[in-house]
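Engineer: Here it is: the structure, laid out below.
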Amino acid sequence: MPRSNRPRRSAGGAGDDDEPGLDRLLAGWKRTETRRGISWNVQPVSAASAVKAYACPGCSVPIAPGTAHLVTWRADGVMGDASDLAARRHWHTHCWRIGA
């Protein structure tokens, strides 16, 4: 019988990557920056990991899938980590650097 070359499902089943949780987002390399007196968590997203389109809040131009960019969220929010993570934003790297 011929060998099947179809990809196999992971042991966890479908839907494991539907919504990134706090642990998954924090697992990558990140740093903390202070802008205008507010602490922000800043995490780069590689071009290979960027699979969805987002609107950059700095310039309102879409960030196309496959484009390296940054994800930011408050590091000092009063509503807790889960709330801050839910309010994260995706920025073009240049837009975040110039502080748009």
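Each value in this text was obtained by applying a stated rule to the coordinates, not by laboratory testing. All values reported here derive from a predicted model rather than from experimental measurement. Here Cβ is always computed from backbone atoms with ideal geometry, including for glycine, and neighbour counts include all displayed protein chains.
Engineer: Using amide H atoms built in the peptide plane, which far-off residues or other-chain residues are under 5 Å from Ala68 H to H?
Structural biologist: Here Ala47 satisfy the definition.
Engineer: Tell me, in nm to one decimal, what length is gained between Met79 and Cys59 on full extension, where the rule is 0.36 nm per residue of separation less the Cα-Cα distance? Show your work: numbers first, answer last.
Structural biologist: Details: separation 20, 0.36 × 20 = 7.20 nm, distance 2.71 nm.
Result: 4.5 nm gained on full extension.
Engineer: Between beta-carbons, use under 13 Å as the cut-off and find the net charge around Trp91, counting Lys and Arg +1, Asp and Glu -1.
Structural biologist: +3
Engineer: How much net charge surrounds Cys56 when only other residues with a Cβ under 15 Å from its Cβ are counted (Lys, Arg +1; Asp, Glu -1)?
Structural biologist: Values: positive: Lys52, Arg88, Arg89, Arg97; negative: none.
That sum, taken over residues with Cβ under 15 Å, equals +4.
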